[in-house]
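Encoded as structure tokens, the structure appears first; notes follow it.
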Amino acid sequence: VQLQASGGGLVQAGGSLRLSCAASGRTDRSYVMGWFRQGPGKEREFVGAIKWSVGSTWTADSVKGRFTISRDNAKNTVYLQMNILKPEDTAVYYCAELRYGSSAVRQEDEYDYWGQGTLVTVSS
């Protein structure tokens, strides 16, 4: 499985960005794709996740109401729509694939495949 994250950049506080994660090498829709982020001097943290097959989503409390996860099965792509961005959202954002059969969507060590990360910088 190869994951390619893109869409990061510099944005002012209050602005929006949409990140994409293109997946290749797998067609099984039973998997869950997650988004994580790692800010400067911080540990990597869960942002959200989505199940390919039914579109069920999970979202971290810190971004709930501002970030939305979606997917396009035809394009094998998962999106992270980020609105009302804050300086504290500044981080490298990663997409990852949850280990098959795991239900621990918020646990980083349950993800087997990771994209390379895309940097989001929010200026105040």
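The values are calculated or read from the model by the stated rules, or taken from the named source; none is laboratory data. Values in this document were obtained by computation on a predicted structure and should not be read as measured data. Virtual Cβ from ideal backbone geometry, glycine too; neighbours counted across all protein chains shown. In case anyone asks, the SASA skips ligands and DNA or RNA and just uses the protein heavy atoms, side chains included. Shrake-Rupley method; radii C 1.70, N 1.55, O 1.52, S 1.80 Å.
With a 1.4 Å probe and every protein chain left in place, work out the accessible area per residue of the chain in Å², rounded to a whole number. Let's see the in-between values first.
On the way: 6190 Å² over 124 residues.
With the other protein chains kept in place, the chain gives 50 Å² per residue.
Once you keep just the Cα pairs under 8 angstrom separated by 6 or more residues, what percentage relative contact order results for the chain? Walk me through the numbers before you get to the answer.
On the way: 309 pairs, mean separation 43.6, N = 124.
Relative contact order of the chain: 35 percent.
Would you work out the Kirkwood radius for the stretch 19-124? I mean one over the mean of 1/r across all pairs of different Cα atoms, in Å. Could the numbers behind the result be given before it?
Details: mean 1/r = 0.0723 Å⁻¹.
In the stretch 19-124 this quantity evaluates to 13.8 Å.
For the stretch 1-70, what percent of Cα pairs sit more than 13 Å apart?
Working: 1742 of 2415 pairs.
That fraction is 72 percent.
If I ignore ligands, DNA and RNA and count only protein heavy atoms, how much of residue 105 is accessible to a 1.4 Å probe, in Å² to the nearest 10?
In the full protein context, residue 105 sits at about 10 Å².
On the full set of protein chains, 1.4 Å probe, figure out the accessible area of residue 32 and give it in Å² to the nearest 10.
Here the accessible area works out near 10 Å².
State the extension gain, in nm to one decimal, for the chain segment bounded by residue 10 and residue 107, taking 0.36 nm per residue of separation less the distance between their alpha-carbons. Each step should come with its number before you reach the end.
Working: separation 97, 0.36 × 97 = 34.92 nm, distance 2.79 nm.
So the chain would gain 32.1 nm between residue 10 and residue 107.
Could you compute the net charge surrounding residue 111? Neighbours are other residues with a C-beta less than 12 Å from the C-beta of residue 111; K and R count +1, D and E count -1.
-2
Could you rank 61, 109, 72 by how accessible they are, 1.4 Å probe, largest area first? Please list the in-between numbers first.
Numbers: 61 130, 109 105, 72 45 Å².
If we order 61, 109, 72 from most to least accessible, we get 61, 109, 72.
Share of the stretch 38-118's accessible area from carbon and sulfur, percent, 1.4 Å? Mind dumping the intermediate values first?
Numbers: 1820 of 4160 Å².
The C+S portion of the solvent-accessible surface of the stretch 38-118 is 44 percent.
Modelling each spin label as a point 7 Å along the Cα-to-Cβ direction, I'd like the residue 60/residue 99 distance in nm, to one decimal.
2.1
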